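Take a look at the structure set out below.
The values are calculated or read from the model by the stated rules, or taken from the named source; none is laboratory data. Since this is a predicted model, take the numbers as computed values, not measurements. Neighbour counts run over all protein chains shown; Cβ positions are idealised from the backbone, glycine included.
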């Protein structure tokens, strides 16, 4: 089974603040833009909805109003999808063909490639094992995480410091060509985020 990433360039703090904002104008705008997608999602998850999971619209309303949320943890995925929809509306989609689709421990392999270049401030695995902002319930699918502006800036400084030092004698080449390409794509996301004050990356793994 393969996985995929959805990544967005946006002001991380401002986007988090939309959760619980009770902004009904925002709710209507997102609902209008994604009406067809939300209807498709309801069809896809009709069995879960019959079992008490919120509809896509109800989940989106709960995210923007800060609740109420279902007490059944099996229904938490709907709030994760709703938060991803909020990020899609608020941010710019980041191309990530190196990661969509992917299998197995690919994110970990690219994290190792980043680490070989001295980059430890950000991690692709955080898009799997992080969580949405409070008070949204945590869910394994979709996974969610973010790279804040500060972390992106630190990561690029780590990369530049390693580049200035040059390769260490006898050091094993850090990555295969596929990993090299994926690392380059990550650096591209970070450079775009660093150029915009307060911007970072919010990512979801499906």
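A few comments on the model shown:
- Within the stretch 107-125, restricting attention to residues that are closer than 27 Å to residue 74 by Cβ and in contact (Cβ under 8 Å) with a residue 24 or more places away in the chain, the residue that is surrounded by the fewest Cβ atoms within 10 Å (Cβ to Cβ) is 107.
- Where a residue in the stretch 165-185 is over 15 Å from residue 115 (Cβ atoms) and its partner, wherever it lies, is modelled with pLDDT of 90 or more, with Cβ under 7 Å and at least six apart: 181/98; 185/96; 185/98
- Count - residues of the stretch 160-179 that are modelled with pLDDT of 95 or more and buried (at least 17 other Cβ atoms within 10 Å of the Cβ): 1
- Hits in the stretch 73-102 (condition: surrounded by fewer than 17 Cβ atoms within 10 Å (Cβ to Cβ), assigned to a loop (DSSP other than H, G, I, E, B) and in contact with a strand residue (DSSP E or B) (Cβ under 7 Å, 6 or more places away or on another chain)): 100, 101
- Residue-level check: of (1) under 14 Å from the mean Cα position of the chain (by Cα); (2) closer than 23 Å to residue 59 by Cα; (3) outside any helix (DSSP H, G or I), residue 122 misses just (2).
- Candidate set: the stretch 39-64, residues that are closer than 10 Å to residue 81 by Cβ and in contact (Cβ under 8 Å) with a residue 40 or more places away in the chain; chosen: the one farthest from the chain's Cα centre (by Cα): 41
- Scanning the stretch 141-159 for residues that are buried (at least 20 other Cβ atoms within 10 Å of the Cβ), in a loop (DSSP other than H, G, I, E, B), touching a helix residue (DSSP H, G or I) at 6+ places or on another chain (Cβ under 8 Å) and free of Cβ contacts under 8 Å to residues at least 60 places away in the same chain turns up nothing.
- Qualifying residue in the stretch 7-17 (condition: in a loop (DSSP other than H, G, I, E, B) and in contact with a helix residue (DSSP H, G or I) (Cβ under 8 Å, 6 or more places away or on another chain)): no
- Residue ID - surrounded by the most Cβ atoms within 10 Å (Cβ to Cβ), chosen from residues in the stretch 25-38 that are outside any loop (DSSP other than H, G, I, E, B) and touching a residue at least 12 places away in the same chain (Cβ under 8 Å): 30
- Among the residues listed as 21, 70, the single one being within 27 Å of residue 198 (Cβ to Cβ), over 19 Å from the mean Cα position of the chain (by Cα) and part of a loop (DSSP other than H, G, I, E, B): 21
- Criterion applied to 155, 161 was being over 16 Å from residue 6 (Cβ atoms) and out of contact with any strand residue (DSSP E or B) (no Cβ under 9 Å at 6 or more places or on another chain), and the one residue passing it is 161.
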